[in-house]
Amino acid sequence: MKGGRGVHGEERLQELAERVLAQATADEAEVIVSSGRTDLTRFAVNAIHQNVAEKDISIRLRVVRGKRVGIASGNDTSDDGISHVASMAESAAAFQQENPEFVSLPEPRPITPVDAFADATFASTPEERADAVRKVIACARAEGLRAAGAFSTVVGETCVANSLGVRAYHVGTIADMRSVVMGETGSGYAGQTAMDVTDLDPGAIGAEAVDKAIRGANPIGIEPGEYTVILEEEAVADMIRFLGFMGFGALAFQENRSFMSGRLGETITGERITIWDDGLDRSAIPRPFDYEGVPKQKVTLIENGVAKNIVYDSLTAGREEGRVSTGHALPSPNTFGPVPVNLFMATGEATKEDMLAATDRGIWVTRFHYTNPLHPVKTILTGMTRDGTFLIENGEITKPLKNLRFTQSILEALAGADMIGSTAKVTGAMHGAFATTTPAIRVQRFRFTGTTEF
């Protein structure tokens with residue numbers, strides 16, 4: 001893809017990467033050139049209150065002298081700016097302790113390109129976003145409710161190059177819209193993420209959020225305890241993303257702070273659960289290589305409940321004889337190590353209506369809020385339900401509930417998942433990045449430990 005499809009284009013980013021590498025005098029060097037444009041429309045109380053656009057280009061240089069590694073970054077792409085970044089990286093390396101485990105920057109490997117670019121997203125205008133927001137607001141106004149939310153379109157391109165011959169470029173688009181609709185005593189949420197902005201349905205987003213806000217009016221309290229729950233896709237995605245950061249990466253595994261450590265080949269969830277990472281799957285938000293320019297591999301992490309694999313970057317792969325990176329490096333430096341950012345969970349055969357009909361008494365959860373890890377090895381999370389929590393009785397949603405705090409092991413929840421949704425939804429954090437594709441699930445004995453007044 002030569003120019004024309006990104007903010008600056010492939011030729012511009014490659015030319016800049018070569019200029020940066022030419023300034024590096026270390027034994028090895030790697031540069032990441034990132035360019036992007038984010039257009040964002042925010043709305044609240046049934047009115048748009050912010051429309052902003054940000055465009056930037058940045059360089060991140062990693063240099064290696066022996067076993068010392070230095071990193072510097074900046075967004076001044078002039079000759080002086082590049083020279084300054086190179087000087088800072090060299091200086092940082094000089095003051096670093098040697099890392100005896102560092103082997104080398106990665107050698108070039110063939111990369112399978114993937115088309116993740118949508119012309120409509122790239123060309124999206126403020127007027128088009130405003131029209132989409134109008135549809136959500138119209139749904140809320142028709143019922144005397146108030147809509148708030150955000151609609152963003154992102155064009156991002158990345159070029160990775162190193163002194164060993166790696167040359168990689170990718171451009172992609174993301175469209176993300178989400179809304180919370182508020183009444184006097186209830187709220188509802190809905191959102192969608194896609195590569196192509198035309199795949200979003202603002203009217204459906206508005207209708208869903210309004211429906212939940214209406215049904216959520218005048219919620220009642222319920223005692224904390226263990227309940228059967230139906231978790232919608234966003235709640236499931238929240239849990240799966242945390243698994244990625246807490247233990248699907250090799251660094252946590254090697255340091256014995258991962259729930260996968262010492263358990264490969266063992267059953268760790270219910271047999272209905274299969275989770276994998278695939279950066280080439282266009283049904284979500286694909287990306288064919290990582291931030292070291294290493295091609296992404298599809299990695300099956302959990303298969304039919306059995307712990308199978310973890311993901312690697314070049315440093316963690318170098319710690320194990322015969323291991324190679326799976327293409328899951330984040331930009332250096334990072335404390336997480338390699339992380340899967342294109343997670344998928346296998347679907348099942350149930351619809352959400354099937355799950356509801358099969359539940360005598362339980363709780364319906366739209367999404368989680370303010371989720372935080374308590375015990376990564378035991379995969380214990382805590383957080384709150386939000387914007388659509390309902391009591392289920394005799395196979396029907398009967399009453400809205402005040403929000404509840406949960407404290408729950410993700411693996412135990414997945415072990416108790418007895419019904420899996422037949423369709424999956426793409427959800428994304430950070431303007432659609434870190435996209436996760438998950439079905440809804442029904443879980444037995446999900447643990448709620450506190451209540452709220454709203």
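Below is a table of values for the structure above.
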| quantity | calculated |
| --- | --- |
| Cα-based Rg of the chain normalised by 2.2 N^0.38 Å, two decimals | 1.04 |
| C-alpha center-to-center spacing [segment 327-347, segment 97-124] in angstrom | 12 |
| Kirkwood-type radius of segment 204-360, with distances r between different C-alpha atoms, in Å | 17.8 |
| Descending Cα extents along the principal axes, segment 295-446, whole Å | 56, 30, 29 |
| Lys/Arg +1, Asp/Glu -1 at C-beta; segment 330-454 dipole; positive extreme among Thr437, Ile397, Thr385 | Thr385 |
| P(r), alpha carbons of segment 170-281 - 10 Å bins starting at zero, rounded % | 10, 26, 29, 24, 10, 0 |
| Tail weight of P(r) past 23 Å, computed on alpha-carbon pairs of segment 115-246, percent | 51 |
| Globularity ratio of segment 269-366, using Cα Rg and 2.2 N^0.38 Å | 1.36 |
| Cut-off under 5 Å, modelled amide H: who pairs with Gly270 long-range | Ala415, Gly416, Ala417 |
| Net length gained if the chain between Asn256 and Thr451 were fully extended (0.36 nm per residue, minus Cα distance) | 66.8 nm |
| Given charges at Cβ of Lys, Arg, Asp, Glu: the chain dipole, positive-most of Val181, Phe117, Thr198 | Val181 |
| Two-site label geometry, Ser87 and Arg141: point separation in nm, points 7 Å out along Cα→Cβ | 5.7 |
| Built amide H within the under 5 Å cut-off of Ala358, gap 5+ | none |
| Karplus 3J(HN,Hα) series, Hz, for segment 272-287 with 6.51 cos²θ - 1.76 cosθ + 1.60 (x for Gly, Pro) | 7, 9, 10, 10, 9, 10, 8, x, 9, 7, 6, 6, 10, 10, x, 7 |
| Set of lysines with alpha-carbon distance to Lys308 below 17 Å, sequence-local pairs under 8 removed | Lys298 |
| Dipole moment magnitude, nearest 20 debye, segment 288-368 about Cα centre, only Lys, Arg, Asp, Glu C-beta charged | 120 |
| Cβ-based charge dipole, the chain, positive-most Cα from Ile285, Pro338, Pro108 | Pro338 |
| Cα-based shape type of segment 1-91, given that a ≥ b ≥ c are square roots of the gyration tensor eigenvalues and the cut on a/c is 1.5 | prolate |
| Table column - 3J(HN,Hα) (Hz), segment 241-249, Karplus curve with 6.51, -1.76, 1.60, x for Gly and Pro | 4, 5, 4, x, 6, 7, x, 7, x |
| C-alpha center-to-center spacing [segment 13-77, segment 223-286] in angstrom | 30 |
| Within segment 115-199, GluC sites (Glu not before Pro) in DSSP loop having at most 14 other beta-carbon neighbours inside 10 Å | Glu143, Glu184 |
| Dipole magnitude of segment 97-243, debye to nearest 20 (Cβ charges: Lys/Arg +1, Asp/Glu -1, about Cα centre) | 360 |
| Cα gyration tensor shape for segment 192-245, rounded if a/c is under 1.5, else prolate or oblate | oblate |
| Surface accessible to a 1.4 Å probe, per residue, for the residues of segment 358-453, Å² | 39 |
| Difference of contour (0.36 nm per residue) and Cα-Cα distance, Thr371 to Ala47 | 113.8 nm |
| Heavy-atom accessible surface of segment 321-454: percent carbon and sulfur, 1.4 Å | 52 |
| Listed residue pairs exceeding 31 Å between alpha carbons, taken from Lys135/Lys399; Lys55/Lys352; Lys67/Lys378 | Lys55/Lys352; Lys67/Lys378 |
| Karplus-derived HN-Hα couplings along segment 342-359 (A = 6.51, B = -1.76, C = 1.60, θ = phi - 60°), whole Hz, x at Gly and Pro | 10, 7, 9, 10, 5, 7, x, 10, 9, 8, 5, 5, 4, 4, 4, 4, 8, 10 |
| Within the chain, longest stretch free of exposed trypsin sites (Lys or Arg not before Pro) [DSSP loop, at most 11 other beta carbons within 10 Å] | 3-281 |
| Cα-centre dipole for the chain with unit charges at Cβ (Lys and Arg positive, Asp and Glu negative), debye to 20 | 680 |
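The values are calculated or read from the model by the stated rules, or taken from the named source; none is laboratory data. Worth saying up front: this structure is predicted, and the values here are computed from it rather than measured. Counting neighbours? That spans all protein chains shown, and the Cβs are built from the backbone with ideal geometry, glycine included. Heavy atoms of the whole protein, side chains included, go into the accessibility calculation; ligands, DNA and RNA do not. Shrake-Rupley method; radii C 1.70, N 1.55, O 1.52, S 1.80 Å.
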